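The values are calculated or read from the model by the stated rules, or taken from the named source; none is laboratory data. Computed from a prediction, not measured in an experiment: that's the story for all the values here. A quick note on method: Cβ atoms are made from the backbone with ideal geometry, for glycine too, and the neighbour counts reach across all protein chains shown. For the accessible areas, the whole protein counts, side chains as well, though only heavy atoms, and no ligand, DNA or RNA atoms are used. Shrake-Rupley method; radii C 1.70, N 1.55, O 1.52, S 1.80 Å.
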Amino acid sequence: MYKTEDFQITILTLKDAVSLHVLMLSNAERFKRYFPKTLSKNLTLEASERYILEKNNEIQSNSEFTFAIKENKTDKIAGLIIIKKLNWETKQGELAYCIGAKYQGKGWVSATVSQISKYAFNELQLKTLQIISYKTNFKSIKVAENCGFLWRRTLVSEFTPTNELTLDMELYELTQ
C-alpha cells in the first residue's frame, strides 16, 4: 500500500498475529487508556488471529479500515492506524493510531496519517477526516497538526477510559 525505506503500511494478515500480539502486550500500559478495545482483543495469540480476520472482514464490507505500520528491517508491527466511524452519507471518518514505544519519535505516525489521509480522500472518496485526542496527549496532537488537521472544538464527555471518569476530548479535522 505504501512503503518507505524504514516502514510500510499494509493490510494485516494472519502471519502478523504473533507480531501484533507482542506489540499489544509489550505496550499494554501505553495502549490501555486510549486503545482499550484493541488491546483487549489481542491478549492471546488466538485472539490476535480472530482480530485480524475481523479487521479484514471490516475492510471487505467498507465498515472500518485497519492497517499495520510495519518495520521493514524486521517485518514486525510497529503500530496500527484505523479509519473508523465511517459515515458514507456525509463522507466522514475518524483516524485512530497507536505506535509501540520503541518506534516513537521517528516520524512514522505523521507519515502514516498523511498517507492514509490521501488514501481516504482519493480511494474512499471521503471529504472530512477527524482525529480526536485528549488535551495532554501532546504527541497525538502534534501528529494531527503536522498533517494539516485543524482544531475545531472540545467534545464534552466524549470518551471514558476503563475505570476512569469521562474525558473531554479535542476534535481536529482535515477536509479535502
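FRET efficiency for the pair D168 and K3, taken as 1/(1 + (r/R0)^6) with r the Cβ-Cβ distance and R0 = 35 Å, rounds to 0.40. Summed over all non-identical Cα pairs, the Kirkwood treatment of the stretch 43-176 gives a radius of 15.8 Å. Sorting the segments 157-170, 13-26 by their residues' average number of neighbouring beta-carbon atoms within 10 angstrom, most packed first, yields 13-26, 157-170. Shape analysis of the stretch 1-63 places it in the oblate category; the axes a ≥ b ≥ c from the Cα gyration tensor give an a/c of at least 1.5, with a/b not above b/c.
Assuming R0 = 22 Å, can you tell me the calculated FRET efficiency for the pair N72 and K37, based on Cβ-Cβ distance, to the nearest 0.05? According to the calculation, E is roughly 0.20. The stretch 132-176 and the stretch 41-116 have Cα centres lying 18 Å from one another. When a 1.4 Å probe is rolled over the protein heavy atoms, the share of accessible surface on the chain that falls to carbon and sulfur comes to 50 percent. In plain terms, the chain from K106 to E46 could stretch by 18.5 nm, reckoned as 0.36 nm per residue minus the Cα-Cα distance.
Quick one: grab the alpha carbon gyration tensor of the stretch 52-112, order the square roots of its eigenvalues as a ≥ b ≥ c, and give me rounded if a/c is under 1.5, else prolate or oblate depending on whether a/b is larger than b/c. Judged from the Cα gyration tensor, the stretch 52-112 comes out oblate (a/c at least 1.5, b/c at or above a/b). Per residue, the chain exposes 53 Å² of solvent-accessible protein surface, assessed with a 1.4 angstrom probe and all protein chains in place.
Which whole-number percent gives the relative contact order of the chain, counting Cα pairs below 8 Å spaced six or more residues apart? Answer for the chain is 17 percent.
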